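One structure is given below, encoded as structure tokens.
The values are calculated or read from the model by the stated rules, or taken from the named source; none is laboratory data. What you see is a predicted model, and the numbers here were worked out from it, not measured in a lab. Note that each Cβ is placed from the backbone with ideal geometry, even for glycine, and that neighbours are counted across all protein chains shown. Note: accessible area is taken over every heavy atom of the protein model, side chains too, but ligands, DNA and RNA are not part of it. Shrake-Rupley method; radii C 1.70, N 1.55, O 1.52, S 1.80 Å.
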Amino acid sequence: METTHGTAAGRHAPYTRTLGRSGIEVSALGFGCWAIGGEWQGPDGSPLGWGKVDDEESVRAVRRALDLGVTFFDTADVYGTGHSERVLGRALGRHRADVVVATKWGNLFDEESKVLTGSDDSPAYVRRALTDSLGRLGTDYVDLYQLHLSDADPERAVLLRDACEDLVREGLIRAYAWSTDDPGRAALFAAGPHCAAVQHRCNVLQDAPEMLALCEASDLASINRSPLAMGLLTGKYVSGSTLASGDIRSAPPAWLPGFAAGGGADPRWLERIEAVRSVLSSRGRTLTQGALAWLWARSPRTVPIPGFRSVTQAEENARALEFGPLAEEELAEIGRALGA
């Protein structure tokens, strides 16, 4: 699953990983592009983005990541209601062929008002959504196309899997995956010949042993959403911290634990972070880099995709590659500290 050589772009990364049985090679660290989509809202006006962004800084951050050996970028059509895809496409520019781009479909939205309007799990919508994403990204293919409806009906999902197989045959996508935290649903997509991965939540505070076992058994990559626990594992937040009103964490939905109403960090989560801080930040790592190193040590199939909004964040995330995974004894020590 791992190699130690330069990337296709001629840049050097300490090691790479393969997206399951697809043969697609990526840097062991990907960059998640939710945050660079900027502000957008749900139908009720609740924030779904991470606050205001500077598009020029986002472009610089993506290009800095490329310089540091990152070759995998994950976005979705709904992030910023299309804005994330547009910014990523502009940032990659002539380097498009040197990287692996993943995006997602399934949500409906209005680009002008920046509002999520619903979802569509029909097979017919897959092709329309992909066509729109290709236009925003400025490319003629997507490397990894992912279903973004985590709780989609399993019978419908089988039809969507078959639709993805058609897109592979046509050369519009290279592989596909499901973004879900349910191993049973992920297994349905895994039965498809060109399914390469499952995207799911996993971090030091929220392990996912059943999903990691499925990835091992089905030869899938484990693409790790929320590898820094929505920012808690960066060490920036203390008890009493607040977030801007345009940030989803300021009014966290039920599926986003670790934050209280008003955007304050949950003290119980902060206590758990303190219990493992010294191990994660040992040997010259930052807390962020240690959290990413934990994921690499957890399984040879993991590809964490932390978010970013600045060059500084991009540099810190990418330099985790220089440290690689935690040692086995460090992984065990964290398990003991958290009572795992």
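Under the criterion of Cα pairs below 8 Å and six or more residues apart, the relative contact order for the chain equals 19 percent.
Which shape class applies to the chain: rounded if a/c is under 1.5, otherwise prolate when a/b exceeds b/c and oblate if not, where a ≥ b ≥ c are the square roots of the Cα gyration tensor eigenvalues? Rounded is the answer for the chain, as its axis ratio a/c remains below 1.5. Computed on the stretch 258-321, with alpha-carbon pairs under 8 angstrom and 6+ residues apart, the relative contact order is 22 percent. Within the accessible area of the stretch 66-181, what % is carbon and sulfur when the probe is 1.4 Å and the other protein chains stay in place? The computed percentage sits at 47. For Gly135, the shell of other residues with beta-carbons less than 12 Å away shows a net charge of -2, using +1 for Lys and Arg and -1 for Asp and Glu.
Starting from the Cα gyration tensor of the stretch 131-183, take the square roots of the eigenvalues, sort them a ≥ b ≥ c, and report rounded, prolate or oblate (rounded when a/c is under 1.5, otherwise prolate if a/b is larger than b/c, else oblate). Cα axes put the stretch 131-183 in the prolate bin. Once the 1.4 Å probe is applied to the protein heavy atoms, the chain comes out at 39 Å² accessible per residue.
For the stretch 296-340, the residues whose amide N sits under 19 Å from a probe point set 7 Å from the Cα of Arg268 along the beta carbon direction are 337-340. With a cut-off of 15 Å between beta carbons, the residues surrounding Ala332 carry a summed charge of -3, where Lys and Arg count +1 and Asp and Glu -1. Magnitude of the charge dipole for the stretch 280-320, about its Cα centre and with charges confined to Cβ atoms of Lys, Arg (+1) and Asp, Glu (-1), is about 140 debye. Of all DSSP beta bridges confined to the chain, the antiparallel ones make up roughly 35%. Given axes a ≥ b ≥ c from the Cα gyration tensor, I'd like to know whether the stretch 46-178 is rounded (a/c under 1.5), prolate (a/b larger than b/c) or oblate. Since a/c reaches 1.5 but b/c is at least a/b, the shape of the stretch 46-178 is classed as oblate.
For the chain, the mean residue ellipticity at 222 nm estimated from helices alone is -10500 deg cm²/dmol, where every DSSP H run of n ≥ 4 contributes -39500 (n - 2.57) and the total is divided by all residues, rounded to the nearest 500.
Counting protein heavy atoms only, the stretch 221-306 has 56 percent of its accessible area on carbon and sulfur, 1.4 angstrom probe. Given +1 at the Cβ of Lys and Arg, -1 at the Cβ of Asp and Glu and no other charges, the dipole of the chain around its Cα centre is 700 debye to the nearest 20.
For the peptides 189-196, 252-259, 302-309, residues were scored by their other Cβ atoms within 10 Å and the scores averaged per peptide; the highest-first order is 302-309, 189-196, 252-259.
If you take every DSSP beta bridge fully contained in the stretch 1-141, what fraction is antiparallel? Give it as a percent rounded to 5. Rounded to the nearest five, the antiparallel share is 65 percent. Residues whose amide H comes within less than 5 Å of that of Val142, counting only those at least five positions distant or on another chain, are Ile173, Arg174 (H built at 1.01 Å from N in the peptide plane). Taking the Cα centre of the stretch 193-340 as origin and assigning +1 to Lys and Arg Cβ atoms and -1 to Asp and Glu Cβ atoms, the resulting dipole is close to 340 debye.
Within the same chain, aspartates and glutamates fewer than 8 places from Lys114 are excluded, and of the rest, those with a Cα less than 15 Å from its Cα are Glu39, Asp44, Asp77, Glu85, Asp247.
The residue among Gly171, Val158, Ser122 whose Cα reaches farthest toward the positive pole of the charge dipole of the chain, with charges on the beta-carbon of Lys, Arg, Asp and Glu, is Gly171.
Remark: relative contact order (the stretch 185-298) = 23 percent; criterion is Cα-Cα distance under 8 angstrom and separation of 6 or more residues.
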